[in-house]
Amino acid sequence: MKKSLLFLLILTLTVPLFAQNLSEDTLEQLSQTITKKQDFDGHKLQRIARLEQALNEHLSPAEKYRLFSALYHEYKSFNYDKAFFFSQKMQATGRLLNDPVKIADGKIKFGFILLSSGMFKETFDSLNTVDVKILPDSLKQEYYFLTARTYYDLADYDKDNYYAPIYNKRAGIYIDSAIALSSPQSYSYTYNLGLKYLKLGKRDQAAVLLKKLMKDYPLTDHELAVTASTLSDIYIQNGENDEAIKLLEMAAIADIKSSTKEAAAMLNLAQLLHKKGDIKNAYVYINEAMNDASYYGARQRKMQVSQILMVIAGKKINSVEEQRRILFIYASLLTLLAAIVILFAFIISRQLKKLRKADKIIVNTNISLQQTIDKLNEADKIKEEYIGYYFNLISEYITKLDRFKRSVNNKLVTKKFEDIQQLVNNINLKKEKEELFVNFDKAFLTLFPNFVEAFNSLFAAEHQVKLNAGQLLNTDLRIFALIRLGISDTEKIASILEYSMNTIYNYKARIKSKSLIPNDDFEDTILSINTI
C-alpha cells in the first residue's frame, strides 16, 4: 500500500513537466540575437539619418528621386508610414521630372507597401495604373512578381474552393512572366520558380530549389529570411514541424539582423511552438512579433499578431490554472502521508502564493495590452483623419498653383507683364495662413469635438477661453491641440504656428499658471482628452 502511494505521488509530481522535443540550446541563438536587436536597428537608423540629412542639401529633382528611392528601400520592411511617405515622394518627383518610368517605379513600390499591410484592393488599384510596356526589364520583373504575390496572398487569405484557385491561376501567369525576365543563375529566378512549384502543390520540386538557394547562393539576410520562411511552409504542409521550427528560427534571426519589422517569421514560429505546447517560448516570441508589428505600424499586421497573442496568453493562464489544479491533487495525496504532512503543507502554501502572484502579473499584463491596443487604434484613427485632411489640402493648393501657372503662362504669351505683377500682388499669404488654420481647426474638432469644453474645465470661469463668433480655436487652444495630437516638441509647434520658441514657451507657461491642476500634470491631462 505504501509503495503504491509513493509511486502515485512521483507520477503526479512529473505531470506538469513538459517533455519538449526541442532543447533550449536550439533556441539560444535566437534569444541572443533578440538581445542585440537594438544594435542592428541602430545601424539602420544611422544609415537612414545620413540619407535624410542629404535631403537638406540643394539637390536636383533627379538627385532627390535617388534619395527618396534609397529611403524607401531602408523603410519598406522597417516602418510602414515612412515607406508609404517616400513611395509617394517618388511618384511626385517622377511627375515633376515628367518621367513615366520613375512614376511607375513609385507606384510599384507603393503597391508593395500596401500589400505588406494586407490592403489587397488598394494594391491592385496602384498596380493597375502602371503602364507595363514602358518599363525596363528589371521593373517589369518586379511588377510581375508583386502582382503574382498579391494574388497568392489573396488566395491564402480566402482559402476557399472557388476564388482561391482562380487567384492562384492568375498568380501563376504573372510569376511566369517574372521568371521569363530573370537570369537562370539569379536568386529571383530560382526563388520564383520554387514559389510557383509550391503553389502548384509540387512541394518536392519546390524544396529542391529553395534548399539549393540556401546552400549555393550568397544570400542577404533578407533573402535568407524569405527563403527559409517559404521552405518552412513546405515542411509544415508535410507535417514536419520540427524542421519548420528550425527554419523559422533561422528566418527570425535573419529578420532581426536586417531590421525587418514585418514579424512574419517570428509570428509563425510562436504559433508552431504554441502548437507543440512550448507556451513559455511561444509567449516570448509572440510578444517580440507584437513589438515589431507595432514598430512597423501597419494596423492589419498589428491586429493579426494581437489575435494570436491573446490565444497564447490565454493558454499561459490556463497552464497556471492547470498547475493549481495539480497542487490540489498534491494536497490530497499528502494527507495520506502523515509523516510529511507539515513539510508538504508548507511547500503548497509557498507555491500557491507564487501562483497568485503570477496570476496577478498576467492579468495586469493583459490589461496593459488592451490599453496599448486602444491607444494604437486611437493613433491610427488620428493618422487616417489627418492623412486624408492633408491630402485634400495639398490637392487644393496644387489646383491653385496650376491655375496660377496657367494665368502666368497666358500673360507671358500675350506679353502682359504688368498683369503678372498684379497676379503676384493678389496673392494674400495672410488669408492663406488663416484659411490653413481654419481647416486645421475643423479637422481637429472633428476628431475632438469636446476639446474646448474639456480644456476650459481645467480653469476657473474667469480664466476660461472665450472664442469670438465664428472662431473655432485660438492660438492658446491650437498649441495644446497640437500637443494632443502627439506633437510635444516646442520647436515643431513654433514652426507650425509661425511663432518663436520663446513665444510658445511664454504661452504655455501663462496658460498652465492659470489652471486648476499642477503644471507638471497639465499636458498629461490634455493627452487624456478622448476622441469621439
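The values are calculated or read from the model by the stated rules, or taken from the named source; none is laboratory data. Keep in mind the model is a prediction, meaning the values are calculated, not measured. Quick reminder, even Gly has a Cβ in these numbers, built from the backbone with ideal geometry, and neighbours come from all protein chains shown. Remember, those area values only see protein heavy atoms, side chains included, never the ligands or the DNA or RNA. Shrake-Rupley method; radii C 1.70, N 1.55, O 1.52, S 1.80 Å.
One table, with the values for the structure above:
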| item | result |
| --- | --- |
| Thr129, sole failed condition from (1) under 23 Å from Ser188 (Cβ atoms); (2) surrounded by fewer than 20 Cβ atoms within 10 Å (Cβ to Cβ) | (1) |
| Enumeration of residues in segment 213-222 that are part of a helix (DSSP H, G or I) and either open to solvent by 50 Å² or more (accessible area, probe 1.4 Å) or over 17 Å from Gln185 (Cα atoms) (or both) | Met214, Lys215, Asp216, Asp221, His222 |
| Pair list, Cβ under 7 Å, 6 or more apart: segment 184-199 residue without any contact (Cβ under 8 Å) to a residue 60 or more places away in the chain and farther than 12 Å from Leu231 by Cα, other residue assigned to a loop (DSSP other than H, G, I, E, B) and hydroxyl-bearing (Ser, Thr, Tyr) | Tyr187/Tyr217; Ser188/Ser182; Tyr189/Ser182; Tyr189/Ser183; Asn192/Ser182 |
| Residues of segment 137-164 satisfying the condition of being part of a helix (DSSP H, G or I), open to solvent by 70 Å² or more (accessible area, probe 1.4 Å) and not acidic (Asp, Glu) | Ser138, Tyr157, Tyr163 |
| Selection within segment 60-111 - hydrophobic (A, V, I, L, M, F, W, C) and open to solvent by 40 Å² or more (accessible area, probe 1.4 Å) | Ala62, Phe84, Phe85, Ala92, Leu96, Leu97, Val101 |
| Pair list, Cβ < 6 Å and 6+ apart or interchain, from segment 146-172 residues that are among the acidic types (Asp, Glu) to residues that are surrounded by fewer than 20 Cβ atoms within 10 Å (Cβ to Cβ) | Asp158/Ala164 |
| Test: residue in segment 309-323 that is modelled with pLDDT under 70, open to solvent by 50 Å² or more (accessible area, probe 1.4 Å), among the basic types (Lys, Arg) and part of a helix (DSSP H, G or I) | yes |
| Count of residues meeting criterion [over 21 Å from Ser188 (Cα atoms) and assigned to a helix (DSSP H, G or I)] in segment 108-126 | 8 |
| Segment 460-496, subset open to solvent by less than 10 Å² (accessible area, probe 1.4 Å) and not in a loop (DSSP other than H, G, I, E, B), residue farthest from Ile517 (Cα to Cα) | Ala494 |
| Residue tally, condition touching a residue at least 12 places away in the same chain (Cβ under 8 Å) and either open to solvent by 50 Å² or more (accessible area, probe 1.4 Å) or touching a strand residue (DSSP E or B) at 6+ places or on another chain (Cβ under 7 Å) (or both), over segment 44-59 | 2 |
| Test: residue in segment 230-240 that is among the aromatic types (Phe, Trp, Tyr) and assigned to a loop (DSSP other than H, G, I, E, B) | no |
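Every residue, every condition in (1) more than 25 Å from the chain's Cα centre (by Cα); (2) under 29 Å from Leu45 (Cα atoms), yes or no:
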position	(1), (2)
Lys202	yes, no
Ala206	yes, no
Thr220	no, yes
Asn241	yes, no
Ile245	no, no
Glu249	no, yes
